[in-house]
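Participant: Before I ask anything, here is the structure I am working with.
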Amino acid sequence: MSKADKAGKVVVVGGGNAGFAAAIAAAEKGAKVVLLEKAPEPEYGGNSRYTAGLIRFGFDDKEQVRKFVPQVPQAQWDKIRINPYPVQKYIDDLKLKSKWKADPELIRWMAEDSYGVMEWFVEHNVQWTFLTYIPNAIETGFGDGIVLETVGGGPGIVEMERAEALRIGVEIRYQSTAYDLVTDDTGGVTGVKVRGPDGVSYVERGAVVLASGGFEANPEMRTRYLGPGWNVVKVRGVRYNTGDLLDPAIRVGAQSNGHWAGCHCTTIDPTSPDLGTLESSDKTNKISFNWGISVNAAGERFIDEGKDWNTKMYVSVGNAVSEQGGRAFQIFDAVGVEHLDQRYDPDAAFIGDTLEEIAAQAGIDPAGLAHTVEKFNAAVQDDKPFDPTVLDGRAAVGVSPVKTNWATRIEQPPFVCYEVVTGITFTFGGLRVDRNAQVLDQGNVPIRGLYAAGEMTGGFFYYQYPAGSGLMCGALTGRAAGWHAAAQG
Ligand SMILES: Cc1cc2nc3c(=O)[nH]c(=O)nc-3n(C[C@H](O)[C@H](O)[C@H](O)COP(=O)(O)OP(=O)(O)OC[C@H]3O[C@@H](n4cnc5c(N)ncnc54)[C@H](O)[C@@H]3O)c2cc1C
C-alpha cells in the first residue's frame, strides 16, 4: 500500500441514495466522513440517479402527506384524492410480493420507519412532488402507497443529497474503487483498500458503510447466482454495480442473506442500450401491460396482465418475459392505448387496422395471435364496468391465463403493439444486517465496524417488489448505518 489516511471516523463506499443517506447521517452526528465513489464525477449517483425518484412510505391520512409537498396550492390540494397507505398494508405488500420470504424484522422496520425517513429527507433539503408518470393522477387520485417522487426525479434526489452532504462537510472522492476490507487483530473492520487514478491506497477510518449497490452489472456474478439466462440481459442501471465488496465482506465473516437467485427486472424497450445510460435511465420502461394483453412470438398469452396494479407485478412480468426467451409483445386496441403511461412513444409502436398487420410488422405468428385474441375476447365478462382507477374485477375467465382485472376486448382498431425485452434493475441477494444496518456474522453477531445499506443488503425483497421500495430501503438502511457508524467509528 502506498498511502495511509487515518484522519476521520467513517468511510462510506458508494455514492447513490444509500451512500449519501449514510454520509449525511454520519456527518450530522459529528463524524468526519469520506465517501468513495467508483464512477468519475460526471457519472456519480449510481442506480439512484436513474430512478424516477418514486418512493413508497406508510401513512394513515392524506393530511400526513401535506408537509412533504408544501408548494402545492391549497385549492389544488383540497381536490386531490390520496388513499391512506397504513404501515400494516406496506408490511402486507412486502410479505405478499416476496411470497412470505422477506425477513419479517427487516420489512417491519422499513414500513414502520418509512414516514420518519420522509421527514428526515425533508429536514435535509430533499424536496418532493406528486409522481408524474401516471397520466391524470392529479385528477383521478393516488392510491396504493406511491404518491410522491423527488423534485427532478432520480437526478434530483442525488443532486439534492450530494449538495446536502457537501454542505455538512462530507468529503467525496470520485474514481475511487474500494476492492477489499481492512481488519484489525480482533476481526473488526477499520477501513478499505482503494484503487484510484493514483494507484492503490488505504482509507482507514474506524467504521465502514458498504453502499456500493448489487451485482446487476457483473455478467459473471449474474450467471453464477441468477443463472445462464441472465448472462447477456440488458442492464437498466449503472455499469459500476459489479458486486465488488460482496465477496470481501463474506471473507471477513459477513453472513449473506436474501434471494441471491432473484432480481428486480422489468419489461423495457428493445432499443435500450445494453448498459443503462443517463439518457435511457427509467425512460425505457414499458409497464402499462394492465391495459391490454401480452403475447410471445407464437402469439400466445403467458401472464395474467390484470392480476394487480402494474407497480406491484411488473417484476414478475419481467421474469415471465425472460422465460419466453427474453422478448414479448404488448397489444392494445384503441381503448387500451388511451391509458398507456407517458414513456410509450407512438413512434416505437407497430400500428395497424388489423391484427394481421401488426403481427407481420412485429414478427408475431399471425395465426397464433388471431386465435389468442378470439379466445380472449370471448372470455371477457361484461358483468362489471371497466374502471382504470380501481382493481375493477372485470375479468376474462375460461382462458389460460385468466385476466383478473381490466379485461376489455381487443376489438377497436387501430391496434397497437409494443415489443418489449427483459432488463435487469438490481439484484436481491446481499449481506444480513440488523436494525442498525450493522452486518451480522454467521452467528448473528454484529461485525464491529462493518455496515451495509441499500442494494448491498439482502432479506428485504424476494421474487417481486412493490415499486418505490428500493429508494426507501436505501435511505432507511443508509441513515441507520451512518448514525451507528458515527457512534462507533
Ligand atoms: C432505471 C431504474 C429505475 C428505478 N426506479 C426506481 C424508483 O423510481 N423508485 C425506487 O424506489 N427504486 C427505483 N429503482 C431501484 C433503485 O435505483 C435502487 O433500489 C436504489 O437506488 C439503490 O440505491 P443504492 O444506493 O443501494 O445503489 P446505487 O444508487 O446504485 O449506488 C451504488 C453506488 O456505488 C458505486 N460503487 C459500486 N461499486 C463500488 C466500489 N467498489 N467502490 C466505490 N463505489 C462503488 C456505484 O458507482 C454507485 O454510485 C430503479 C432502478 C433503476 C436502474
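Participant: May I ask you to say which residue of V151, V122, V147 is farther than 27 Å from Y344 by Cβ and of a type in the set (A, V, I, L, M, F, W, C)?
Facilitator: On the way: V151 fails: farther than 27 Å from Y344 by Cβ; V147 fails: farther than 27 Å from Y344 by Cβ.
Every option except V122 fails the conditions.
Participant: Taking segment 264-286 on its own, how many of its residues are crowded, with 23+ Cβ neighbours inside 10 Å and either away from the ligand (no atom under 11 Å from the Cβ) or free of Cβ contacts under 8 Å to residues at least 12 places away in the same chain (or both)?
Facilitator: 2
Participant: Within segment 231-256, how many residues turn out to be open to solvent by less than 40 Å² (accessible area, probe 1.4 Å) and more than 15 Å from the ligand (Cβ to nearest atom)?
Facilitator: Selection size over segment 231-256: 3.
Participant: Another question about this same structure. With (1) in contact with a Ser or Thr (Cβ under 7 Å, 6 or more places away or on another chain); (2) part of a strand (DSSP E or B) as the list, and L181 as the residue in question, which single condition is left unmet?
Facilitator: (1)
Participant: Out of V203, V170, V209, V232, report the one residue that is modelled with pLDDT under 95 and either in contact with a helix residue (DSSP H, G or I) (Cβ under 8 Å, 6 or more places away or on another chain) or closer than 24 Å to E323 by Cα (or both).
Facilitator: So the residue among V203, V170, V209, V232 that is modelled with pLDDT under 95 and either in contact with a helix residue (DSSP H, G or I) (Cβ under 8 Å, 6 or more places away or on another chain) or closer than 24 Å to E323 by Cα (or both) is V232.
Participant: While we're here: Suppose we keep only residues that are charged (D, E, K, R) and in a strand (DSSP E or B) within segment 374-424. Which one would you say is most open to solvent (accessible area, probe 1.4 Å)?
Facilitator: Among residues in segment 374-424 that are charged (D, E, K, R) and in a strand (DSSP E or B), the one most open to solvent (accessible area, probe 1.4 Å) is E419.
Participant: Within segment 11-23, can one find any residue that is hydrophobic (A, V, I, L, M, F, W, C) and in contact with a Phe, Trp or Tyr (Cβ under 7 Å, 6 or more places away or on another chain)?
Facilitator: No, that holds for no residue.
Participant: Could we say that L440 is touching a residue at least 60 places away in the same chain (Cβ under 8 Å), more than 10 Å from the ligand (Cβ to nearest atom) and either open to solvent by less than 10 Å² (accessible area, probe 1.4 Å) or in a loop (DSSP other than H, G, I, E, B) (or both) here?
Facilitator: Details: touching a residue at least 60 places away in the same chain (Cβ under 8 Å): yes; more than 10 Å from the ligand (Cβ to nearest atom): yes; either open to solvent by less than 10 Å² (accessible area, probe 1.4 Å) or in a loop (DSSP other than H, G, I, E, B) (or both): no.
Against the criterion (touching a residue at least 60 places away in the same chain (Cβ under 8 Å), more than 10 Å from the ligand (Cβ to nearest atom) and either open to solvent by less than 10 Å² (accessible area, probe 1.4 Å) or in a loop (DSSP other than H, G, I, E, B) (or both)), L440 does not qualify.
Participant: Against the condition within 15 Å of the ligand (Cβ to nearest atom), under 25 Å from W109 (Cβ atoms) and among the aromatic types (F, W, Y), how does F20 come out, does it pass?
Facilitator: For F20, the condition - within 15 Å of the ligand (Cβ to nearest atom), under 25 Å from W109 (Cβ atoms) and among the aromatic types (F, W, Y) - is met.
Participant: Assess whether W77 counts as being assigned to a loop (DSSP other than H, G, I, E, B) and aromatic (F, W, Y).
Facilitator: Taking the combined requirement at face value, the residue does not satisfy it.
Participant: Let me ask another. When segment 152-180 is examined, which residues are found to be under 15 Å from L35 (Cα atoms), crowded, with 19+ Cβ neighbours inside 10 Å and in contact with a strand residue (DSSP E or B) (Cβ under 8 Å, 6 or more places away or on another chain)?
Facilitator: R162, A165, V170, I172, S176, T177, A178
Participant: Then there's this: Give all pairs with beta carbons closer than 6 Å in which a residue from segment 461-478 that is free of Cβ contacts under 8 Å to residues at least 60 places away in the same chain and of a type outside the set (G, A, S) meets a residue that is within 6 Å of the ligand (Cβ to nearest atom) and open to solvent by less than 10 Å² (accessible area, probe 1.4 Å); count only pairs at least 6 apart in sequence or on separate chains.
Facilitator: Listed pairs, sorted by first residue: none to list.
Participant: If I filter segment 106-124 for residues that are at pLDDT below 95, open to solvent by 60 Å² or more (accessible area, probe 1.4 Å) and closer than 29 Å to P42 by Cα, do I get at least one hit?
Facilitator: Step one: of segment 106-124, the residues at pLDDT below 95 are none.
Scanning segment 106-124, I find no residue that is at pLDDT below 95, open to solvent by 60 Å² or more (accessible area, probe 1.4 Å) and closer than 29 Å to P42 by Cα, so the answer is no.
Participant: Quick test of your reading of the structure: R195 fulfils all but one of (1) more than 27 Å from A27 (Cα to Cα); (2) among the basic types (K, R); (3) surrounded by fewer than 18 Cβ atoms within 10 Å (Cβ to Cβ). Name the failing condition by number.
Facilitator: (1) is the only condition that R195 fails.
Participant: For G214, state whether it is modelled with pLDDT under 95, not β-branched (V, I, T) and not in a strand (DSSP E or B). Walk me through it before giving the result.
Facilitator: On the way: modelled with pLDDT under 95: no; not β-branched (V, I, T): yes; not in a strand (DSSP E or B): yes.
So G214 does not fit the description; no.
Participant: Could you tell me whether segment 354-362 includes any residue that is outside any helix (DSSP H, G or I), hydroxyl-bearing (S, T, Y) and open to solvent by 60 Å² or more (accessible area, probe 1.4 Å)?
Facilitator: The answer is no; no qualifying residue exists.
Participant: Return the residue satisfying two criteria in turn: it lies in segment 8-17 and is more than 6 Å from the ligand (Cβ to nearest atom) and of a type outside the set (D, E, K, R), and of such residues it is surrounded by the fewest Cβ atoms within 10 Å (Cβ to Cβ).
Facilitator: Among those residues, the one meeting the criterion is G8.
Participant: Oh, and also: Under 6 Å between Cβ atoms, at least 6 apart or on separate chains: pull out the pairs that start in segment 205-216 with a residue that is of a type in the set (S, T, Y) and end on any residue that is surrounded by 24 or more Cβ atoms within 10 Å (Cβ to Cβ) and not in a strand (DSSP E or B).
Facilitator: So the pair list comes out as S212/G14; S212/L245.
Participant: Now, a different point. What residue, of E28, E63, E43, E37, is within 15 Å of the ligand (Cβ to nearest atom), open to solvent by 50 Å² or more (accessible area, probe 1.4 Å) and either more than 15 Å from I146 (Cβ to Cβ) or not assigned by TED's automatic domain parsing to the domain that holds K286 (or both)?
Facilitator: Residue meeting the stated conditions: E43.
Participant: Something else about it: Considering only segment 209-227, I want to know if a residue exists there that is over 23 Å from K286 (Cα atoms), of a type in the set (A, V, I, L, M, F, W, C) and away from the ligand (no atom under 15 Å from the Cβ).
Facilitator: Checking segment 209-227: not a single residue is over 23 Å from K286 (Cα atoms), of a type in the set (A, V, I, L, M, F, W, C) and away from the ligand (no atom under 15 Å from the Cβ).
Participant: Output the residues belonging to segment 443-486 that are in a helix (DSSP H, G or I), among the aliphatic types (A, V, I, L, M) and either more than 8 Å from the ligand (Cβ to nearest atom) or open to solvent by less than 10 Å² (accessible area, probe 1.4 Å) (or both).
Facilitator: Hits for segment 443-486 are M456, M472, A475, L476, A480, A481, A485, A486.
The values are calculated or read from the model by the stated rules, or taken from the named source; none is laboratory data. Values in this document were obtained by computation on a predicted structure and should not be read as measured data. Here Cβ is always computed from backbone atoms with ideal geometry, including for glycine, and neighbour counts include all displayed protein chains. These accessible areas exclude ligands, DNA and RNA; they are computed on the full protein's heavy atoms, side chains included. Shrake-Rupley method; radii C 1.70, N 1.55, O 1.52, S 1.80 Å.
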